[in-house]
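The values are calculated or read from the model by the stated rules, or taken from the named source; none is laboratory data. Because the structure is predicted, anything quoted here is derived from the model rather than measured. Quick reminder, even Gly has a Cβ in these numbers, built from the backbone with ideal geometry, and neighbours come from all protein chains shown.
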Amino acid sequence: MALRRGGQRVRTIALLSSKGGTGKTTVALHLAAAAAASGRKTLIADLDPQRSACEWARDRKGSKPGVMETRSGCLFVAHQAAERGGVDLMVLDTAPSAGDEVAQAMRLADLSLIVVRPSALDLRAIARSAEMARRLNRPAVFVINQAPSRRRGKEPACIDRAIETLHAYGLPISPAGLRSRSVYQTAVARGLVAQEADPRSAAAAEVRALWRYAAKELWKPTLLTAQQAQRPRPVFSPVAQIGPVTELRPAG
């Protein structure tokens, strides 16, 4: 991959899900906006046939982050153009599947985030994405999205079950996930993201925590491949919560 002047190159993150309805595009938009707000020149490549990211951009005031419509056959050329254009981060919003087109995005990405809801159907569906990461030996991380809120300081049982299931797939799990909050959808409908609609909200804190985690993974010296990630490692970080409920951790 070509280096830009000064030794910097575009980092690429792919958002994946094996089925629709996981909130993959919502996570992509929020991460891209967080990256742009942190000073990274960011471009979203909308590979999903529904073109939800492009629709969001049409409703949005301002040009950050940039959004472009493309398809898998043009992805490499688009990536090279982003490199020449001085883009720091390219966010690939892929179609909800685990087919060849998504595999191409995973091959190109420095890191793939497999977005999953803590439900039985979602947990079964992401098996194909996890297998793809292992087969291609590409860095990939699970991100739990639309998680129910804690009750009396403890995670709902579905979170513990989801962690156990995801851990069995052999890929790491992001220590920061997103809760089920209406502000994510209402903000996107207005061409915004949650951290813009309500900067002091719990949702904004969650997004910032997820972006910090993703940025640390993207800009660290070496990224773990899917095979290397199968070595024993903590599932969720035991660090203290950052703001109101941003870390998803096992109950107890």
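Numerical summary
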read-out: Of the criteria (1) more than 16 Å from the chain's Cα centre (by Cα); (2) of a type in the set (Gly, Ala, Ser); (3) over 21 Å from HIS79 (Cβ atoms), which one ALA57 fails; value: (3)
read-out: Elements of type helices (runs of 4 or more DSSP H) contained in the stretch 89-136, each with 2 or more residues being within 30 Å of ALA157 (Cβ to Cβ) and free of Cβ contacts under 8 Å to residues at least 40 places away in the same chain; value: 120-125, 127-136
read-out: Flag if ALA187 is over 16 Å from the mean Cα position of the chain (by Cα) and under 17 Å from ALA33 (Cβ atoms); value: yes
read-out: Qualifying position, being small (Gly, Ala, Ser), farther than 18 Å from LEU113 by Cα and modelled with pLDDT of 95 or more, among ALA57, ALA34; value: ALA57
read-out: Residue list for the stretch 137-158, filter: in contact (Cβ under 8 Å) with a residue 60 or more places away in the chain and either assigned to a strand (DSSP E or B) or touching a Gly at 6+ places or on another chain (Cβ under 8 Å) (or both); value: ALA140, VAL141, VAL143, ILE144, ASN145, GLN146, ALA147, LYS154
read-out: Number of the exception - SER72 against (1) without any contact (Cβ under 8 Å) to a residue 60 or more places away in the chain; (2) farther than 25 Å from PHE142 by Cα; (3) out of contact with any strand residue (DSSP E or B) (no Cβ under 8 Å at 6 or more places or on another chain); value: (2)
